[in-house]
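Chemist: One structure follows; several queries about it will come next.
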Amino acid sequence: MSALSEDPSTLPYASPVAISVCLPARNEGPTIASIVREALHCTMVEEVVVIDDSSTDSTAATASAAGARVVAESAVLPEAGPGSGKGNALWKSLFACTGDIICFLDADLRNFHGEYIERLCEPLVTEAGTLLVKASYTRAFEGAPTGGGRVTELAARPLLSLLFPKLADISQPLGGEYAARRGVLEQLPFVEGWGVEIGLLIDVAERFGRDAIAQVDLGMREHRNRPLDELSPQALEVIATALQRAGMVEPVAVRERPPIITFPAYRARFGRPR
């Protein structure tokens, strides 16, 4: 590990551990309020933070009215320069959120229950060696109970099986519902766009070992299914990230935010060593 790094399994955590729920969101007004309210009903949760990524609808106002602390993406670490995409919003959430554990949720979920947070975070609270917990679920598609997750099944999982076989059993590598220790996330780069989830998954396994990753079954996931032509850019970013992490020639440039612990403002805010 670098001089800035600490072993995340030995970091001192308050008792009880403070948990931040974070929703990166852009134009998710129809669904975000119910997710925020469910999250706030979870007794484990210290705060619910929405990172509003330039929404043009009612997302920010609706989330705030439901009880979330809404933070504009552009207002976080402006000295880091401009960024874009989901991964950029997730990276900035590490500065905006205060918890020892960060639980990420997508803001377009239609069947979310607060107990999902408890199930995602429990292994992190009770097992020191667990650093990242990914949700496992079946994905509904256009009214059918299965068939969703097309980029996952056609791109992400085959790539992991081929290039990172120890991660072949991760059922939802691109899923937006997962929780991790701050001490892990702050040490990792974040791919700015749609490659962020597969990048974090690979990086945690490579740096801390496959045993640091757990999965919990959350049943069925219902969310907005994008048209096939909107999935091509996502698939390309996922493929590019996996190939880059494997050390192969990358077909496109992958923009990343560096480990956030390298920023003096972050270290000052959370008391991390230089």
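Chemist: Skipping prolines and chain starts, which residues have an amide H placed within reach, meaning under 5 Å, of the one on residue 221, given they are 5 or more residues away or on another chain?
Modeler: The list, which skips near neighbours in sequence, is 138, 139, 140.
Chemist: Compute the Cα gyration tensor for the chain, then decide on rounded, prolate or oblate, letting a ≥ b ≥ c be the square roots of its eigenvalues: rounded whenever a/c is under 1.5, prolate when a/b is larger than b/c in the other cases, and oblate in all that remain.
Modeler: Rounded, because the longest to shortest axis ratio a/c is under 1.5.
Chemist: Given an 8 Å cut-off on Cα distances and at least 6 residues of separation, report the relative contact order of the range 17-262 as a percent.
Modeler: Across the range 17-262, relative contact order equals 22 percent.
Chemist: Something else about it: Scan around residue 177 for amide H atoms under 5 Å from its own, H built in the peptide plane at 1.01 Å from N, and keep only partners 5 or more places away or cross-chain.
Modeler: Excluding prolines and chain starts, which carry no amide H, the hits are 106, 135.
Chemist: Could you work out [θ]222 nm for the chain from helices alone, using -39500 (n - 2.57) per DSSP H run of at least four and dividing by all its residues? Round to the nearest 500 deg cm²/dmol.
Modeler: Value at 222 nm, helices only, nearest 500: -10000 deg cm²/dmol.
Chemist: Hey, another quick one. Per-residue HN-Hα couplings for the range 239-244, Karplus 6.51 cos²θ - 1.76 cosθ + 1.60 at θ = phi - 60°, whole Hz, x for Gly and Pro?
Modeler: Couplings: 4, 4, 5, 4, 5, 5 Hz.
Chemist: Skipping prolines and chain starts, which residues have an amide H placed within reach, meaning under 5 Å, of the one on residue 55, given they are 5 or more residues away or on another chain?
Modeler: For residue 55, the qualifying residues are 27.
Any read-out appearing in this document is the output of simple, stated calculations on the displayed coordinates, not a laboratory observation. Being a predicted model, the structure only gives us computed values, none of them experimental.
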